[in-house]
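Accompanying notes for the structure given below.
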Amino acid sequence: MKLRLGLPKGSLQEATFQVFDKAGWRIRVDARSYHPVMDDEEIEALLIRPQEIPRYLEDGLIDAGITGKDWMEDCGLDAHEIADLRYAKTSMNPIRVVLATRADSGIASAADLQGKRISTEYVRLTERWLRERGVSATVEFSWGACEMKVPDLADAVVVNTETGSSLRAHNLVVVEELLVSTPRLVASHRAWSDPWKRQKLENLAVLLVGVIQAEGLVGLKMNVQRRHLQTVLDILPALKRPTVSSLTDEDWVAVETVLTEREVRRLVPDLKRAGATGIVEYSLNKVIY
């Protein structure tokens with residue numbers, strides 16, 4: 001049995017490989033190849049532009065894939081959504097699909113687009129968004145680099161942005177937000193109805209989501225004399241429910257918990273002053289609830 005899995009080629013590719021690596025799957029790919037090699041003989045991976053993954057899913061050419069919510073909405077994908085994988089090309093933040101234009105364009109809302117020209121990769125999504133607002137405008141497909149077309153070739157653009165740096169570089173401002181998008185693990189209904197493929201995908205989702213949930217978290221362990229234990233526990237966030245274990249020396253215990261990196265930065269000095277010693281911080285690959 002093989003699971004044919006579409007992985008996003010392009011800006012999300014490296015971030016996707018990193019998430020899979022932390023989840024336990026090693027992926028190798030030649031710069032010119034569309035067929036990555038995974039250390040899992042049950043998965044046949046293909047590198048596909050995320051815009052095309054929904055089409056290949058619906059055509060039955062792949063069983064499952066990782067594509068953005070933006071592309072799912074653009075094509076109206078009819079598939080089973082397995083997991084929301086909250087990561088982007090440079091961070092774990094979602095991307096936004098926005099309407100943007102020059103600050104001096106006179107366009108301040110969707111209504112101001114009447115009769116205007118919009119450049120975008122999201123043609124169907126943009127047309128649907130305009131139609132819902134009763135606005136008639138010309139929507140033209142662009143092979144990327146939409147920002148460069150304002151104001152000479154278009155009045156506005158609909159683009160995705162993670163940090164807003166590209167918009168600022170082209171002197172564009174956001175007028176409205178169409179949607180917030182994150183990568184999603186999705187499967188065709190046919191693949192999801194197959195018991196073997198469904199279990200394989202569910203197993204994959206558990207580990208990928210575990211990687212996402214571990215982002216920004218670290219493990220913290222320390223030794224504490226029993227007489228200082230309550231003071232240390234009072235410092236730690238109440239909802240974290242640290243593990244307390246006895247040591248060979250019955251006057252001491254080991255305390256272990258999971259915290260955000262920001263919390264560790266703030267709490268470690270207080271924990272040391274409260275009597276904790278041998279404090280060790282360690283990274284986490286996965287956190288599975």
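By other beta-carbon atoms within 10 Å, ranking Trp196, Trp71 with the fewest at the front produces Trp196, Trp71. Normalising the average separation of contacting C-alpha pairs (under 8 angstrom, six or more residues apart) by the number of residues puts the relative contact order of segment 217-283 at 53 percent. Relative contact order of segment 117-178: 39 percent, from C-alpha pairs under 8 Å at least 6 residues apart in sequence.
Shape call for segment 217-283 from the C-alpha gyration tensor, a ≥ b ≥ c root eigenvalues: rounded (a/c under 1.5), prolate (a/b greater than b/c) or oblate? Since a/c reaches 1.5 and a/b is larger than b/c, the shape of segment 217-283 is classed as prolate.
Shown for segment 154-289: lysine pairs separated by 8 or more places, or found on different chains, whose C-alpha atoms are under 21 Å apart, numbering 6. Ordered by the number of other Cβ atoms lying within 10 Å of each residue's own Cβ, fewest first, Glu121, Glu250 fall into the sequence Glu250, Glu121. Between the helical axis of 123-132 and the dominant principal axis of the chain, each derived from Cα atoms, what acute angle in degrees is found, rounded to the nearest 10? The angle comes out at about 80 degrees. Counting only DSSP H runs of at least 4 residues, each contributing -39500 (n - 2.57), and dividing by the residue count of the chain, the helix-based mean residue ellipticity at 222 nm comes to -8000 deg cm²/dmol.
Of the residues Phe17, Phe141, the one with the fewest other Cβ atoms within 10 Å heads the list, and the complete ranking is Phe141, Phe17. Based on the alpha-carbon gyration tensor of segment 95-181 and its eigenvalue square roots a ≥ b ≥ c, which shape applies: rounded if a/c is under 1.5, prolate if not and a/b is larger than b/c, or oblate? Because its axes are fairly even, with a/c under 1.5, segment 95-181 counts as rounded. Looking at the chain alone, DSSP beta bridges between its own residues are antiparallel in about 75 percent of cases. Of all the options Val19, Val244, Val180, the one that moves most in a Gaussian network model of the chain with Cα springs shorter than 10 angstrom is Val244. Please determine, in degrees from 0 to 90 and to the nearest 10, the orientation of helix 195-214 with respect to the longest principal axis defined by the Cα atoms of the chain, where the helix direction is its Cα long axis. Once rounded, one gets 70 degrees. In this simple spin-label model, placing a label point 7 Å from the Cα along the Cα-to-Cβ direction at both Ala254 and Asp39 gives a separation of 2.7 nm. Sort the chain into rounded, prolate or oblate with this rule: let a ≥ b ≥ c be the square roots of the eigenvalues of the Cα gyration tensor; rounded if a/c is under 1.5, and if a/c is not under 1.5, prolate when a/b is larger than b/c, oblate otherwise. Verdict is oblate for the chain. For segment 1-159, the Cβ-based charge dipole about the Cα centre amounts to some 380 debye (Lys, Arg positive; Asp, Glu negative; other atoms uncharged).
Across the chain, the relative contact order, built from alpha-carbon pairs under 8 Å that are at least six residues apart, equals 19 percent.
Each value in this text was obtained by applying a stated rule to the coordinates, not by laboratory testing. Quantities reported herein were computed from a predicted structural model and do not represent experimental measurements. Cβ atoms come from the backbone with ideal geometry, glycine included; neighbour counts cover every protein chain shown.
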